[in-house]
1. Report Rg(Cα)/(2.2 N^0.38 Å) for region B:305-463, keeping two decimals.
2. For chain B, give me the percentage of DSSP beta bridges that are antiparallel, rounded to the nearest 5 percent.
3. Report, to the nearest 10°, how far helix B:18-32 tilts away from the longest principal axis of the Cα atoms in chain B, using its own Cα long axis and a range of 0 to 90°.
4. Between region B:423-494 and region B:250-311, how many Å separate their Cα centres?
5. Using the 10 angstrom Cβ neighbour count as an exposure proxy, how do B:Val151, B:Val232 rank, fewest first?
6. Could you size up the charge dipole of region B:445-489 around its Cα centre, putting +1 on the beta carbon of Lys and Arg and -1 on that of Asp and Glu, and report it in debye to the nearest 20?
7. For a label point 7 Å from the Cα of B:Arg123 along Cα→C-beta, name the residues of region B:227-242 whose backbone N is under 13 Å from it.
8. Translational D (Stokes-Einstein, µm²/s) of the protein assembly as shown at 4 °C and 1.567 mPa s when Rh comes from the Kirkwood sum over C-alpha pairs?
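Just so it is clear, none of the values below were taken in a lab; they were calculated from the coordinates. Here the structure is a predicted model, which is why all the values come from computation and not from measurement. Positions of Cβ are backbone-derived with ideal geometry, glycine not excepted, and every protein chain shown enters the neighbour counts.
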Amino acid sequence: MSDQKKIEEMSFEEAIRELETVVGQLDRGDVALEDSIKLYERGAQLKARCEAKLKEAEEKVAQITLDANGEPTGAKPVEGL
Amino acid sequence: MTDLLEDDAPGNAPEFTVSEISGAVKRTIEGSFSHLRVRGEVGRLSRPRSGHVYLDLKDDRSVLASVIWKGVSARLATQPEEGMEVIATGRLTTFPGQSKYQLVIEDIRPAGMGALMAMLEKRKAALAAEGLFDEARKQKLPFLPEVIGVVTSPSGAVIRDILHRLRDRFPRKVLIWPVAVQGAKCAPEVAAAIRGFNAFPAGRLPRPDLLIVARGGGSLEDLWGFNEEAVVRAAAESAIPLISAVGHETDTTLIDYASDRRAPTPTAAAEMAVPVRLDLLNWVGDQGARATRAATQTVALRRQRLGDLARGLPRPEALVEAARQRLDYLGAGLDPALRALAREKRMRLEAQAARLAPALDRGVATRRVALGRAEAGLSPARLGAGVRQRREALDRLAARMSPERLADRTARDRQRFEDLSTRFARLAEQGVAQKRDRLAALERLRQTLGYTETLKRGYAVVRAGASVLTTREVAQAHARLEVEFADGRLGVMTESGPARGKRGGGKDEPEQGSLF
């Protein structure tokens, strides 16, 4: 696990993929006890990251505003759709 | 003259100026053909900078010059292309300056589905040949996009369907880029929107990590904008993964070939875009539980194994008991054994010592006495006498040795040597003379006795080759003989030759005969 990326910087997909790997390793039970504790802790952090990303699920809809040439100038919130 | 007169002669026909007749034609034509539909194939077509479109409509025999003014061209659902079978609506006008007439087109559209489909197929083949639809170009959709860009009409069911489905599954940030989804503006706007999203971030707007280009169902013409090359190219070039959802499931437009995924409906596009949040939450929860279970089990398994192993481990005391017992046993025997050994050795030592002491004393005493005697006999005076005696002997010898005596003896010896030499020379001379005389006598005797002296008396020696012949019988066997006289040798042939009977093989005989 030398290529460990900081968990706080992971996308949901990266976190969930590594969580899957970690759980798989733990399930197989062929890791050393010492490592299994580290793995478990990392798994817990990854799980927390995944849950945080899942809880971030907030809807926000905006419509791009365009100028006369069709160039985007900004965005305005959209309600009621 | 007659011709001239006839030409000049006023007839019944009224006389027009060129402008009058041109005006009359114009009125007639424009009056009669102020609204008409023409079916034909688009021929030569040009689009100068003015924005107007000049084209020929033709069939197998005739050509009709036509024009589409800039304002009309922008409104067209389908742009005419060379070779396209079209139905044009418009009016005829004349162009008096050049004696020409033309069709001013108000609307032009492909002549039926067949023409449109044929054109679509042609375009599709050309774009496919460029590789724009290659599978290798397709990008993977992100698992969970943070921001989704939707290119569609901001009003209507399509965006509503997408937002609803997103809300159900996984609410996300959505940026809507409003575009016309049909008509002439559709293609350029959709293409600009796809490119625009790719050009983000522009200021505070976040760049989407997924695009959806969507439109509800409609006729082939309604959806035509999504077949336009500009849209297809923009979708193919998009660095952001793009889902196309144009029309219903049965409608396929060219953007569907260029997009990374094609959704049959806008709702399906939303389903492709995001996973279901609750499923994921459950999944993550499950994973957590699995991890906890696995970790707990790992520890439990190891604890059990440790227990098992610990039970299998013997008591430490048990390991050393036997050794300790042996040590005790041996240790107990050690002390008496040492003591006994020491006692034995001491006794032997004492016995040896008892024998040794008197012998030693005797030896020392004897040697001391001898030493005393030797010491007594040893004095400087005795040494001096010895030296003196030897010096005298030396002096006596030296006195007997002198050069005169040596010289006398040498002279005597030389004289004796000379005498001997003289005697020897004399004797040697006498010996040689005697021997010479004797030799001369012997030589004379030898000559007297030799056969050469006999030859001088008339005898001869007969030879054959190297051997001397002494009998007739022997001589008879040789053909050639050599006779030595006192004055030299002479070769002779025997008269009869060798006896025939004694020669082996008769072959040589004729040769020998002829020789004689």
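1. It is 3.76.
2. 65
3. 90
4. Comparing the Cα centres of region B:423-494 and region B:250-311, I get a distance of 147 Å.
5. B:Val232, B:Val151
6. The dipole magnitude comes to about 40 debye.
7. B:227-234, by backbone N distance to the label point.
8. D, rounded to a whole number, is 30 µm²/s.
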